[in-house]
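Everything on this sheet refers to the single structure shown next.
What follows is calculated from the coordinates using simple rules that are stated; it is not laboratory data. No experiment lies behind these values; they were computed from the predicted model shown. Virtual Cβ from ideal backbone geometry, glycine too; neighbours counted across all protein chains shown.
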Amino acid sequence: MKKLKKLVVGNWKMNPSSLAEAKKIAGDVKRGVKNTKKTQVVLCPPFVYLYPLSGVPRTSVLLGSQNVFYEEAGSYTGEVSVSQLSQCKTSFVIIGHSERRAMGETDDQINRKVRAVTHEGMTAIVCVGEKIHDQHGDYLAIVKKQIQDALRDVSKKLLDHVVVAYEPVWAIGAQDAMPAEDVHEMALFIKKVLRDMYGILADGIRIIYGGAVNTFNAQHIIDGGYVHGFLIGRESLKAKNFVEIIKIVDLS
Ligand code: 13P
């Protein structure tokens, strides 16, 4: 595997309930990863906390948002643009999370968002993942189509600004993560899909895993899954656990 910087992303979803708590978590994470050298850490709070947390970004801890809109400005009630995000020192954007897909976000909208984000020099964390993982193997075709649709017309020179987050929907919020060997199979498959699209340049795209990652399984998944890092939900709200996972990734 090409040596790319490792990446651990915390997706706070619609949490925590107060700005004070958000500041506390971000501060604790920032202090906790002071000596982390090889791993990029990205905190993705709700939109309203981005500006108050915009003092957080340093070389190793960065800010990301959980969504974005693809138009530059105008009459789009409730939406937030890429340039507005960049003013809050946001450099990553999670796009196409399964929870947003479940609310009706389409592959076409996801593709527009990926193009808007990468075009402006931010990094798109493109979420893909199947709802069911059974012996019929339909999950391969589903994940392939999600990747191809999300990256349609994204040029080769922007690939440094793309991360693929493989999150099997059934593992999100679950008790157990996907077994490391299966994560490895999916990482290889995703790499093949990307290679077929972009050739050798695809090796510059980091592939991370998300779904029930915690302090107990992180070592096993990072060792056996051959991914570049994690996208973490629940455990990213517990600064101590999140930092522990980051250290596991950093030392692996
Ligand atoms: P959990 O880590 O809580 O399973 O959530 C995963 C996720 O959805 C991250 O985007």
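What the table below lists for this structure:
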read-out	value
Cα Rg, Dmax, segment 109-252, angstrom units	14.9, 41
Fraction in percent of alpha-carbon pairs per bin - 10 Å, segment 166-207	27, 43, 24, 5
Computed [θ] at 222 nm, helices only, for the chain once each DSSP H run of length n ≥ 4 contributes -39500 (n - 2.57)	-11000 deg cm²/dmol
Highest-first arrangement of 71-80, 124-133, where packing means the average Cβ count within 10 Å	124-133, 71-80
Total charge dipole magnitude, segment 202-252, about the Cα centre, Cβ charges on Lys, Arg, Asp, Glu only, Debye to nearest 20	220
Dmax and Rg, reported as Rg then Dmax, of segment 1-121 (C-alpha, Å)	14.8, 45
Angstrom value of the Kirkwood radius, inverse mean 1/r, which spans all Cα pairs in the chain	18.0
Fewest-first sequence of 47, 92 by Cβ atoms within 10 Å of each Cβ	47, 92
Values of log10 I(q)/I(0), in the order q = 0.14, 0.15, 0.26 Å⁻¹, for segment 140-214 under a Debye, Cα-only, solvent-free model	-0.45, -0.51, -1.25
Reduced Cα scattering model of segment 70-143, Debye log10 I(q)/I(0), q = 0.11, 0.14, 0.28 Å⁻¹	-0.34, -0.52, -1.37
Cα centroid of segment 180-222 to Cα centroid of segment 142-173, whole Å	11
³J(HN,Hα), Karplus 6.51/-1.76/1.60, whole Hz, each residue of segment 206-212, x for Gly, Pro	7, 10, 10, 10, x, x, 6
